[in-house]
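The values are calculated or read from the model by the stated rules, or taken from the named source; none is laboratory data. Worth saying up front: this structure is predicted, and the values here are computed from it rather than measured. When we count neighbours, we look across all protein chains shown, and the Cβ atoms used for this are built from the backbone with ideal geometry, even at glycine.
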Amino acid sequence: MNRRFVAVLVVGVLVLLAGCTVPTADVDEGPQPLDDDELGYVDGHWYNDSLDVDTSDGLSEDELDAVTKRAMARIEHERGLNFERTVPVEVISREEFQQSDTASGEYSAFDEQLWRSTFVVGDDSTVGEEFDALYGASVQGYYTTADDGRIVLVADDPDAVEVDRGTLVHELTHALQDQHFGISRETTTRDERLGWLGLLEGEANYMMDIYEERCEVEWECIDPATSGGGGSQQSFNEGLYLTIFHPYSDGPQFVHELREREGWEGVNAAYEEYPASTAQVIDPDRYPDSPGEDVEIDDRSDGSWERLGEDEPRVETVGEAGLFAALWYNGVIDQRHIATASGEYARYNYAHPITNGWNGDSLVVYENDDEYGHVFESEWSSADDAEEFAAAYEELLTANAAESVDERTYQVSEDEPFAGAYRVVQDGTTVTVVHAPTVEELDDVHAVEDPVPASMSAPTPAGTAATASAAS
């Protein structure tokens with residue numbers, strides 16, 4: 001990967017890792033009720049107060065409290081909502097964080113196949129390892145809903161706390177959201193969850209941006225914390241990162257456009273009807289009426305292959321942002337594309353001609369004696385959009401050492417991270433991708449009836465690189 005764009009992504013990672021919401025934490029002292037209704041005034045601190053704070057050796061407990069209360073007052077002033085209770089700020093060491101449950105997650109076989117299906121995490125790694133590499137050493141803080149909510153700052157030296165202004169504002173915004181709307185929603189797919197996070201994390205990053213704008217021209221602000229030197233550049237999976245970063249990138253622009261359209265009242269109302277897909281966050285004009293279609297995949301497997309799931313077969317949605325990230329990561333979309341942000345408050349540009357026509361998708365995973373296959377079916381706004389995506393998917397296969405078996409079937413050798421057979425079929429506005437361990441097993445996983453093969457001679461879509469391969 002071009003080093004310039006690695007640097008762009010590293011900056012984004014720091015923003016992402018500064019802004020996390022976590023549902024559990026052990027706490028000693030809970031929040032206290034706030035009785036005043038004056039916007040911009042919190043527990044003795046006005047939004048335009050000056051503070052006598054010395055940041056040269058970190059913040060003392062009293063200084064941290066004052067900085068936090070003033071930031072709360074400023075968020076109230078801008079957002080037009082009162083904090084109902086104080087937000088305790090706890091500081092823990094990085095070692096404590098890395099040993100906590102918060103620092104790690106559990107991933108099922110389905111999760112592994114979901115990321116494998118987009119050619120982001122292959123057989124040479126695991127989803128858990130990739131997330132650990134992304135999160136473990138860089139998280140700066142998070143908000144937890146436990147015990148009525150608090151912020152946990154992760155510090156290399158807990159006795160000399162350097163508070164990142166953006167981190168504090170981001171997490172305090174989560175506290176305000178939690179107090180008024182709640183920050184947990186029952187979502188059924190990854191794409192729906194990323195859509196919800198486009199609102200939740202989007203508003204937190206948007207408020208962070210507004211805060212910085214005020215600091216530049218109007219407010220007296222404490223200088224941002226600086227890192228103490230030149231450590232080594234962080235290594236991480238850019239495809240996984242770009243997928244999960246989408247809410248932080250396009251969410252602020254989504255919230256801004258919603259606010260421009262309907263005021264803060266419109267943003268408040270969105271918590272009752274949040275964006276249900278990343279497509280709506282990428283293109284706010286699709287919200288709230290056009291989240292995409294529900295795609296049902298017929299089970300055409302033979303008796304030896306069973307759909308994977310816990311209580312019942314699981315169905316996932318990759319979504320527009322997930323497909324964009326997969327194609328970008330694998331070199332099908334020009335890597336320079338993301339650098340042209342799609343709006344004033346957007347970080348990257350996830351809108352691209354190959355994926356703009358997305359109108360829904362579903363992924364199901366099959367298992368047979370510890371071997372896996374999957375069916376990925378996507379709907380597009382037009383047959384031309386479907387043809388363009390099918391051609392791009394064939395480029396993705398080629399970028400991962402796939403060799404053509406016939407006009408619609410590919411084989412990746414067993415020593416490659418994404419080994420197995422793949423079949424790509426376009427039928428009108430529908431593109432169906434079937435994966436199995438071998439070519440002979442493709443029909444066992446999903447027999448395709450009367451297929452219309454994707455064109456092997458389709459022109460390369462604009463802005464793509466047909467022979468580019470992913471760099472990590």
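Under 9 Å between Cβ atoms, at least 6 apart or on separate chains: pull out the pairs that start in the range 50-61 with a residue that is under 14 Å from residue 162 (Cβ atoms) and modelled with pLDDT under 85 and end on any residue that is surrounded by 10 or more Cβ atoms within 10 Å (Cβ to Cβ) and among the β-branched types (Val, Ile, Thr).
55/163; 55/222; 58/161; 58/163
Identify all residues within the range 98-114 that are crowded, with 21+ Cβ neighbours inside 10 Å and out of contact with any Asp or Glu (no Cβ under 8 Å at 6 or more places or on another chain); write none if there are none.
102, 113
Among what's in the range 95-146 and is more than 25 Å from residue 435 (Cβ to Cβ), of a type in the set (Gly, Ala, Ser) and outside any loop (DSSP other than H, G, I, E, B), pick the residue that is farthest from the chain's Cα centre (by Cα).
At the first step, the residues of the range 95-146 found to be more than 25 Å from residue 435 (Cβ to Cβ) are 95-104, 132-146.
Okay, now just the ones that are also of a type in the set (Gly, Ala, Ser), so 100, 103-104, 133, 136-138, 141, 146.
Cutting the leftovers down to outside any loop (DSSP other than H, G, I, E, B) gives us 103, 133, 141, 146.
On the way: 103: 17, 133: 16, 141: 17, 146: 23 Å.
This residue is 146.
So in the range 406-462, with the set limited to residues that are outside any helix (DSSP H, G or I) and among the acidic types (Asp, Glu), which one is modelled with the lowest pLDDT? Quick ask: steps written out before the conclusion?
Within the range 406-462, the first condition is being outside any helix (DSSP H, G or I), and the residues that meet it are 406-438, 446-462.
Remaining after also requiring among the acidic types (Asp, Glu): 406-407, 414-416, 427, 449-450.
Working: 406: 95, 407: 92, 414: 97, 415: 97, 416: 98, 427: 97, 449: 73, 450: 58.
The residue in question is 450.
Please find, among 394, 388, the residue that is under 28 Å from residue 308 (Cα atoms) and not small (Gly, Ala, Ser). Spell out how you get there, then give the answer.
Values: 388 fails: under 28 Å from residue 308 (Cα atoms).
The conditions single out 394.
Residue 65 passes all but one of (1) in contact with an Asp or Glu (Cβ under 6 Å, 6 or more places away or on another chain); (2) among the charged types (D, E, K, R); (3) without any contact (Cβ under 8 Å) to a residue 40 or more places away in the chain; which number fails?
(1)
For the range 190-204, indicate whether the set of residues that are modelled with pLDDT of 95 or more, surrounded by 11 or more Cβ atoms within 10 Å (Cβ to Cβ) and more than 12 Å from the chain's Cα centre (by Cα) is non-empty.
Within the range 190-204, the subset modelled with pLDDT of 95 or more is 190-204.
Then drop every residue that is not surrounded by 11 or more Cβ atoms within 10 Å (Cβ to Cβ), which leaves 190-204.
Restricting the remaining residues to those that are more than 12 Å from the chain's Cα centre (by Cα) gives 203-204.
Checked against the condition, which is being modelled with pLDDT of 95 or more, surrounded by 11 or more Cβ atoms within 10 Å (Cβ to Cβ) and more than 12 Å from the chain's Cα centre (by Cα), the range 190-204 yields at least one hit.
Return yes when residue 319 is touching a helix residue (DSSP H, G or I) at 6+ places or on another chain (Cβ under 6 Å) and at pLDDT 95 or above and no when it is not.
Numbers: touching a helix residue (DSSP H, G or I) at 6+ places or on another chain (Cβ under 6 Å): yes; at pLDDT 95 or above: yes.
Yes: the conditions hold for residue 319.
For the range 69-106: of the residues being basic (Lys, Arg) and in contact (Cβ under 8 Å) with a residue 40 or more places away in the chain, which is farthest from residue 180 (Cα to Cα)? Spell out how you get there, then give the answer.
Narrowing the range 69-106 to residues basic (Lys, Arg): 69-70, 74, 79, 85, 94.
Those still in the list that are in contact (Cβ under 8 Å) with a residue 40 or more places away in the chain too: 74, 79, 85, 94.
Values: 74: 17, 79: 12, 85: 11, 94: 31 Å.
Checked the range 69-106; the qualifying residue farthest from residue 180 (Cα to Cα) is 94.
So if I check each of 92, 75, which one is assigned to a helix (DSSP H, G or I), at pLDDT 90 or above, out of contact with any Cys (no Cβ under 9 Å at 6 or more places or on another chain) and assigned by TED's automatic domain parsing to the domain that holds residue 222?
Numbers: 92 fails: assigned to a helix (DSSP H, G or I).
Result of the check over 92, 75: 75.
Can you tell me which residues in the range 134-161 are among the small types (Gly, Ala, Ser), farther than 19 Å from residue 183 by Cβ and in contact with a helix residue (DSSP H, G or I) (Cβ under 9 Å, 6 or more places away or on another chain)?
Pass one, the range 134-161, residues among the small types (Gly, Ala, Ser): 136-138, 141, 146, 149, 155, 160.
Filter once more, keeping what is farther than 19 Å from residue 183 by Cβ: 136-138, 155, 160.
Residues satisfying the conditions are 136, 137, 138, 155.
Are there any pairs, at least 6 apart or on different chains, whose C-beta atoms fall under 6 Å, with the first in the range 255-277 and part of a loop (DSSP other than H, G, I, E, B) and the second modelled with pLDDT under 95, and if so, which?
Pairs found: none.
Residue 366 fails exactly one of the following numbered conditions: (1) of a type outside the set (Asp, Glu); (2) touching a Lys or Arg at 6+ places or on another chain (Cβ under 8 Å); (3) surrounded by fewer than 24 Cβ atoms within 10 Å (Cβ to Cβ). What is the number of that condition?
Result: residue 366 fails condition (3) only.
Have a look at 293, 320, 273, 344 and point out the one that is in contact with a Phe, Trp or Tyr (Cβ under 6 Å, 6 or more places away or on another chain) and farther than 30 Å from residue 438 by Cβ. It would help to see each step written out before you state the result.
On the way: 293 fails: in contact with a Phe, Trp or Tyr (Cβ under 6 Å, 6 or more places away or on another chain); 273 fails: in contact with a Phe, Trp or Tyr (Cβ under 6 Å, 6 or more places away or on another chain); 344 fails: in contact with a Phe, Trp or Tyr (Cβ under 6 Å, 6 or more places away or on another chain).
Residue meeting the stated conditions: 320.
Taking the stated definitions as given, is residue 350 more than 26 Å from residue 447 (Cα to Cα), among the aromatic types (Phe, Trp, Tyr) and in contact (Cβ under 8 Å) with a residue 60 or more places away in the chain? Let's see the steps before the verdict.
Details: more than 26 Å from residue 447 (Cα to Cα): yes; among the aromatic types (Phe, Trp, Tyr): yes; in contact (Cβ under 8 Å) with a residue 60 or more places away in the chain: yes.
Considered against the rule, which asks whether it is more than 26 Å from residue 447 (Cα to Cα), among the aromatic types (Phe, Trp, Tyr) and in contact (Cβ under 8 Å) with a residue 60 or more places away in the chain, residue 350 comes out as yes.
Given the criterion surrounded by 24 or more Cβ atoms within 10 Å (Cβ to Cβ), in the same structural domain as residue 196 (by TED's automatic domain parsing) and in contact (Cβ under 8 Å) with a residue 24 or more places away in the chain, identify the matching residue among 251, 322.
Details: 322 fails: in the same structural domain as residue 196 (by TED's automatic domain parsing).
Going through 251, 322 in turn, the sole match is 251.
What number of residues within the range 278-303 satisfy the criterion of being surrounded by 15 or more Cβ atoms within 10 Å (Cβ to Cβ) and either assigned to a helix (DSSP H, G or I) or in contact with a Leu (Cβ under 6 Å, 6 or more places away or on another chain) (or both)?
Number of matching residues: 7.
List pairs: first residue in the range 401-425 and within 18 Å of residue 365 (Cα to Cα), second residue of a type in the set (Phe, Trp, Tyr) and crowded, with 16+ Cβ neighbours inside 10 Å anywhere in the structure, Cβ distance under 6 angstrom, at least six positions apart or on different chains.
From residues that are within 18 Å of residue 365 (Cα to Cα), the pairs are 418/119; 422/410; 424/393.
Of everything in the range 174-192, what is part of a helix (DSSP H, G or I) and more than 24 Å from residue 148 (Cβ to Cβ)? Give them in sequence order.
The initial filter retains those residues of the range 174-192 that are part of a helix (DSSP H, G or I), namely 174-180, 190-192.
Matches in the range 174-192: 190, 191, 192.
If we keep just the residues of the range 284-313 that are touching a strand residue (DSSP E or B) at 6+ places or on another chain (Cβ under 7 Å) and among the polar types (S, T, N, Q), which is farthest from residue 371 (Cα to Cα)?
301
Looking at this structure, is residue 118 buried (at least 20 other Cβ atoms within 10 Å of the Cβ) and either more than 23 Å from residue 134 (Cβ to Cβ) or touching a residue at least 12 places away in the same chain (Cβ under 8 Å) (or both)?
Values: buried (at least 20 other Cβ atoms within 10 Å of the Cβ): yes; either more than 23 Å from residue 134 (Cβ to Cβ) or touching a residue at least 12 places away in the same chain (Cβ under 8 Å) (or both): yes.
When the stated conditions are applied, residue 118 passes them.
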